[in-house]
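These notes concern the structure reproduced below.
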Amino acid sequence: MTLASPIDLIARREDRDDLPAVPAFNVIGLEHVEAFVDAADSLKVPLILQVSQNATRFRGGIRPFAAAIVQLAAAASVPIAVQLDHADDVDLVREAADAGVTSVMFDASTLEFEANVEQTRLVAAEMQAQGIWVEGELGEIGGKDGAHAFGVRTDPGQAAAFVERTGVDGLAVAVGSSHAMKTQEAVLDLELIAELRDAVPVPLVLHGASGVSDRRVAEACRAGVRKVNFGTRFNGAFTAALRDALTEYDGVDPRVYLRRGRDALAADARHVLSLFA
């Protein structure tokens, strides 16, 4: 199956009353990609695979890894989009576009509002001219810790102005979640999500969903979120499985413990995807 754009996947789900949103999973290694594609295939749930700017730096560049992600995604039996996530490096955004991603998330949320608008506007125009879906991010004016620092909230009026001036296709908003949470204790502001939904004419994106319970994820989607990002929870499952495997195995074949890690990723991915099935 050919690669999809996030907007195609979102449009397929907007008439659903239960969970009218698309899941997006962050990948770091091939084990992540293989596990997530396998889970999406088995449950027949469309998916967005995301590789962050930090992950591309870990891998020493985006092109080889993106090529592998694109190939595995394109071979899936369900539509899958591939996104560059949380990038503030314009050159990397361009490399990702050349490497075949179908969307990019340009994150200038740590800048002052006007600087964020101007940089995001330029990136959005350049990428959209190539048919690439663009997600922007907005937290608060001068939010130096970014949109997902604890306590930060996105203002609906400012969000509407940001979308109008930048022309982005989707907007990551700060509504109570935070990145890298290991427990599901985040409390989302559902009223704010609804206000943002009414104020902004593009899909809303929830980052940091690993810190949000299944019930609250569903509530957020019903309130107006259309794309839900997960990452940390999968890394926790992968790491725990590796630890267990290495305590039991005294050999040196990495396939033994990496298979355990990949299986744990797939199992947790199936759980998350079952919410969207």
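Quick look at the numbers
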{"item": "Check on Val51, part of a strand (DSSP E or B), in contact with a Leu (Cβ under 8 Å, 6 or more places away or on another chain) and free of Cβ contacts under 8 Å to residues at least 60 places away in the same chain", "result": "yes"}
{"item": "Cross-chain or 6+ apart pairs with Cβ under 6 Å, region 226-253 first and under 23 Å from Leu206 (Cα atoms), then surrounded by fewer than 13 Cβ atoms within 10 Å (Cβ to Cβ)", "result": "Thr232/Ala180"}
{"item": "Residue among Ala73, Ala81, Ala97 that alone is at pLDDT 95 or above, under 15 Å from Leu9 (Cβ atoms), part of a helix (DSSP H, G or I) and not β-branched (Val, Ile, Thr)", "result": "Ala73"}
{"item": "Conditions (1) open to solvent by 10 Å² or more (accessible area, probe 1.4 Å); (2) more than 26 Å from Leu19 (Cβ to Cβ): number failed by Thr56", "result": "(1)"}
{"item": "Residue count, region 1-34 (criterion: closer than 23 Å to Val168 by Cβ, open to solvent by 50 Å² or more (accessible area, probe 1.4 Å) and touching a Lys or Arg at 6+ places or on another chain (Cβ under 9 Å))", "result": "1"}
{"item": "Test: residue in region 71-79 that is in contact (Cβ under 8 Å) with a residue 12 or more places away in the chain and more than 28 Å from Pro20 (Cβ to Cβ)", "result": "no"}
{"item": "Lone qualifier among Ala180, Ala125, Ala149, Ala161 - being closer than 28 Å to Val217 by Cα, open to solvent by 10 Å² or more (accessible area, probe 1.4 Å) and at pLDDT 95 or above", "result": "Ala161"}
{"item": "Considering residues of region 100-115 that are assigned to a helix (DSSP H, G or I) and either at pLDDT 95 or above or farther than 15 Å from Ala172 by Cα (or both) only, the residue least open to solvent (accessible area, probe 1.4 Å)", "result": "Ala115"}
{"item": "Verdict on Arg222 being in a helix (DSSP H, G or I), closer than 30 Å to Glu195 by Cβ and in contact with a Ser or Thr (Cβ under 6 Å, 6 or more places away or on another chain)", "result": "no"}
{"item": "Condition met for Leu275 (open to solvent by 30 Å² or more (accessible area, probe 1.4 Å), under 17 Å from the mean Cα position of the chain (by Cα) and not charged (D, E, K, R))", "result": "yes"}
{"item": "Any hit, region 206-215, residues being open to solvent by less than 30 Å² (accessible area, probe 1.4 Å), modelled with pLDDT under 95 and touching a Gly at 6+ places or on another chain (Cβ under 8 Å)", "result": "yes"}
{"item": "Selected residue (only one of Phe234, Phe162 is touching an Asp or Glu at 6+ places or on another chain (Cβ under 7 Å), within 30 Å of Ala124 (Cα to Cα), in a helix (DSSP H, G or I) and not small (Gly, Ala, Ser))", "result": "Phe234"}
{"item": "Selected residue (criterion: farthest from the chain's Cα centre (by Cα)) from residues of region 224-272 that are open to solvent by 60 Å² or more (accessible area, probe 1.4 Å) and among the acidic types (Asp, Glu)", "result": "Asp250"}
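The values are calculated or read from the model by the stated rules, or taken from the named source; none is laboratory data. These numbers were taken from a predicted model, which means no experiment stands behind them. Reconstructed Cβ throughout: ideal geometry from the backbone, glycine too, with neighbour counts over all protein chains shown. SASA here: full protein model, heavy atoms, side chains in, ligands and nucleic acids out. Shrake-Rupley method; radii C 1.70, N 1.55, O 1.52, S 1.80 Å.
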